[in-house]
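Note sheet for the following structure.
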Amino acid sequence: MAQLFEYAPAPESRAAAGDIASTYGHYIDGEFVESTGSEALKTVDPSTEEVLAEFAQGTEGDVDRAVAAARKAFTSWSALPGVERGKYLFRIARIIQERSRELAVLESIDNGKPIKETRDVDLPLVAAHFFYYAGWADKLEFAGYGPNPRPVGVAAQVIPWNFPLLMLAWKIAPALATGNTVVLKPAETTPLTALRFAEICRQAGLPKGVVNIVTGDGRTGAALTGHPGVDKVAFTGSTEVGRAIARTLAGTRTRLSLELGGKAANIVFDDAPVDQAVEGIVDGIFFNQGHVCCAGSRLLVQESVHDEVLEALKRRMSTLRVGDPLDKNTDIGAINSAAQLARIQELTTAGEAEGAERWSPSCELPAAGYWFAPTVFSNVSATHRIAREEIFGPVLSVLTFRTPEEAVAKANNTPYGLSAGIWTEKGSRILWTASRLRAGVVWSNTFNKFDPTSPFGGYKESGYGREGGRHGLEAYLDV
Amino acid sequence: MSSSPLSASGLAEIASSEASLRRFLHGLPGIDAVGLQARAAGLGTRSIKTTAKAYAIDLAISMIDLTTLEGADTPGKVRSLCQKARNPDPGDPSVPHTAAVCVYPDMVPIAKEALGGAPINVAAVATAFPSGRAGLPVKLADTAEAVAAGADEVDMVIDRGAFLSGRYLEIYELIAEIKKACVRPDGTAAHLKVIFETGELVTYDNIRRASWLAMLAGADFIKTSTGKVAVNATPANTLVLLEAVRDFRAATGVQVGVKPAGGIRTTKDAMKYLVMVNEILGDDWLSPDWFRFGASSLLNDLLMQRQKLASGRYSGPDYVTVD
């Protein structure tokens with residue numbers, strides 16, 4: 001990497017995140033309340049391991065209170081004309097835009113992801129989701145679900161730590177637009193932006209009990225998703241937890257949508273635009289430290305261009321900047337937690353042990369915090385664990401194929417089916433391949449592009465139900 | 001670009017016929033316009049602060065081909081341009097001089113004289129600049145005049161009409177002929193910069209092909225534009241040139257320079273280009289020997305930003321000279 005022109009650090013101000021309280025309770029029925037239990041958890045800045053705040057481990061009693069508040073609010077909220085609900089959502093969207101710097105910095109501190117991504121990707125999309133579903137609130141009868149689609153009731157929503165505020169938006173915006181009330185549990189490593197969002201709900205004058213936030217770990221999540229008072233459960237997270245939830249809800253009348261893991265194939269044909277494909281590969285797996293359920297973690301390269309693509313990829317990886325998430329020049333931030341780092345280390349060690357060839361650019365990692373250098377494994381075969389299991393970190397496995405049929409067969413040969421990528425200059429090949437891939441989203445000559453108008457969801461073990469777009473309304477409507 | 005290096009005989013083979021030259025140029029990997037523009041925009045978001053900015057401003061000044069290419073050019077105008085190139089900020093001798101001055105061929109003797117012994121090159125635009133619409137003898141004479149008058153560098157334009165109608169070999173031969181005309185009686189040669197006029201080539205695939213075509217024919221530098229059309233240098237079309245010289249060196253071992261020209265007016269813009277050079281090509285190209293800005297008004301903005309960094313205050317256009 002160049003030494004002649006070293007960029008000076010350009011850190012964003014931590015103060016922009018606003019005041020972080022030393023302890024947080026829950027947000028129930030329009031009030032910040034203390035937990036009925038005494039247990040507290042800590043959330044840390046993954047880039048420094050500094051404790052940011054303590055927050056409540058939600059008890060069954062807390063969940064009861066929150067569900068009861070949501071139930072009570074449902075009667076009046078669902079009876080509001082759509083145009084009125086839309087006004088609240090538009091107001092929330094505008095406040096998010098106004099406070100986007102604060103939210104971006106807070107998200108970076110709590111999650112470890114680079115400010116470049118929170119500022120330029122997450123927050124604009126969060127606002128866009130609220131704007132988009134605000135627009136649907138008074139047009140539900142034209143959404144294709146009958147003349148008078150009705151809300152489901154109280155929605156229990158559990159979201160992961162990789163895109164805390166964005167996943168909140170994906171869940172809350174359509175639920176409110178369709179007239180439901182919600183109890184949301186953020187992940188135990190990233191509760192801060194959800195609690196800040198509660199302030200925004202107050203600022204927007206949202207009626208009490210329409211949005212409730214209960215914090216805590218998996219125990220709180222289990223209490224919420226298994227609560228008999230909820231009508232709908234929406235979960236984004238690991239396949240393992242998703243299965244447990246499905247088992248709990250089997251035989252009940254509670255509706256369920258799941259958005260789970262992935263092991264996406266990113267297919268590069270020999271006529272691909274090489275430089276842009278390399279960008280797409282980098283974006284596919286190193287965006288958000290690889291903490292992306294639809295990450296392009298399996299690179300399938302046509303054998304005839306394998307060496308060329310791998311060489312270009314390594315050259316490009318050498319220019320990735322790993323470090324302080326608040327530095328505006330940082331491309332790759334910190335791993336979200338010690339536990340996640342350990343999981344990535346375990347799987348990469350397995351990759352080496354199984355004989356794959358490991359490569360990372362030389363980059364100095366900070367002493368404190370949780371860090372993992374961008375890593376690519378070549379000589380990977382389909383039987384390796386790193387080619388099968390979701391790593392959820394900045395680790396790419398490179399496999400090869402010889403023909404389009406083989407590419408499709410290998411791409412589909414996974415228990416997952418969330419996303420896929422195709423790189424070729426030939427339009428007919430894009431269509432041929434895309435129609436054969438069993439994945440919820442197929443990107444061609446691009447990767448990791450999100451938009452509120454576009455439905456997102458999985459096949460097979462990647463879950464069921466769709467979020468985003470007109471399709472995203474269905475999960476919250478009685479149709 | 002295959003990763004196997006191209007030998008000299010391999011290079012000659014490519015240009016042995018129109019058909020083989022076309023096969024080679026059309027066999028280059030395609031460019032996805034959306035992805036290319038996204039990458040160029042992404043590099044433009046790097047935040048450059050304090051020490052890095054001070055370094056980059058001086059580097060940018062030292063890379064400028066300070067240019068006057070007007071029909072109204074006079075010896076007086078050229079002399080004051082040369083003076084500015086030598087000593088850009090009369091109040092601050094620590095400001096580096098520019099890389100070159102760029103003028104029409106008839107102004108070369110004036111510029112040479114005005115620059116005296118200063119280590120600043122004189123670049124002359126030749127070959128019926130900016131349209132390129134003249135016969136080969138005229139273009140050769142134009143070049144010969146500039147070289148005879150002492151030009152250190154020749155900026156030639158390609159025939160965009162020939163390119164767009166697919167007559168690649170004609171352009172290859174033109175560049176090779178001009179390259180020969182750059183040789184001085186003592187055997188040394190003026191540096192040859194080949195201008196594509198990327199705004200008229202329109203597609204990024206065309207720009208990549210033109211880049212390879214010029215490098216195969218012996219260009220020392222490849223340059224985006226004349227500055228005389230609506231679309232001149234852009235981050236995206238310059239990125240294509242940068243990738244092409246990177247791949248050409250990997251394939252042949254020969255290093256070629258890059259010059260975006262036209263429309264780069266602000267320090268902020270210049271920083272974006274330097275970030276691209278830094279991240280696509282690295283140290284090997286971060287010098288006036290391998291990267292230039294073709295610009296006339298950029299220098300003053302760099303000087304004002306330099307003054308602001310030094311004093312903490314923004315002074316304004318009256319604190320730098322008009323020319």
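Below, the figures for the structure above:
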| item | result |
| --- | --- |
| Residue within region A:49-70 that is aliphatic (A, V, I, L, M) and without any contact (Cβ under 8 Å) to a residue 40 or more places away in the chain present | yes |
| Yes/no for B:Ser94 being in a helix (DSSP H, G or I) and either within 15 Å of B:Leu299 (Cβ to Cβ) or away from chain A (no Cβ under 14 Å) (or both) | no |
| Identity of the residue in region B:250-272, touching a residue at least 60 places away in the same chain (Cβ under 8 Å) and either under 14 Å from B:Leu59 (Cβ atoms) or not in a helix (DSSP H, G or I) (or both), that ends up farthest from the other protein chains (Cβ to nearest Cβ) | B:Ala261 |
| Flag for A:Ala93 being in contact with a helix residue (DSSP H, G or I) (Cβ under 8 Å, 6 or more places away or on another chain), surrounded by fewer than 19 Cβ atoms within 10 Å (Cβ to Cβ) and of a type outside the set (Phe, Trp, Tyr) | no |
| Unique match (being away from chain B (no Cβ under 14 Å) and free of Cβ contacts under 8 Å to residues at least 12 places away in the same chain) among A:Arg243, A:Arg255 | A:Arg243 |
| Any hit, region B:18-41, residues being in a helix (DSSP H, G or I), within 14 Å of chain A (Cβ to nearest Cβ), touching a residue at least 60 places away in the same chain (Cβ under 8 Å) and under 18 Å from B:Thr266 (Cα atoms) | yes |
| Single match in A:Thr43, A:Thr75, A:Thr36 (criterion: at pLDDT 95 or above, on the phi < 0 side of the Ramachandran plot, in a strand (DSSP E or B) and away from every other protein chain (no Cβ under 14 Å)) | A:Thr43 |
| Residue within region A:305-317 that is out of contact with any helix residue (DSSP H, G or I) (no Cβ under 6 Å at 6 or more places or on another chain), more than 14 Å from every other protein chain (Cβ to nearest Cβ) and touching a residue at least 60 places away in the same chain (Cβ under 8 Å) present | no |
| Hits in region A:258-293 - residues which are within 14 Å of chain B (Cβ to nearest Cβ), hydrophobic (A, V, I, L, M, F, W, C) and assigned to a strand (DSSP E or B) | A:Val268 |
| Residue in region A:243-257 that is farthest from B:Arg39 (Cα to Cα), counting only those that are outside any loop (DSSP other than H, G, I, E, B) and touching an Asp or Glu at 6+ places or on another chain (Cβ under 8 Å) | A:Arg255 |
| Test: residue in region A:22-29 that is surrounded by fewer than 20 Cβ atoms within 10 Å (Cβ to Cβ), within 29 Å of A:Phe74 (Cβ to Cβ) and at pLDDT 95 or above | yes |
| Every residue from region B:274-286 that is free of Cβ contacts under 8 Å to residues at least 60 places away in the same chain and either in contact with a Ser or Thr (Cβ under 8 Å, 6 or more places away or on another chain) or on the phi > 0 side of the Ramachandran plot (or both) | B:Gly282 |
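The values are calculated or read from the model by the stated rules, or taken from the named source; none is laboratory data. Computed from a predicted model, the values in this text were never measured in an experiment. Reconstructed Cβ throughout: ideal geometry from the backbone, glycine too, with neighbour counts over all protein chains shown.
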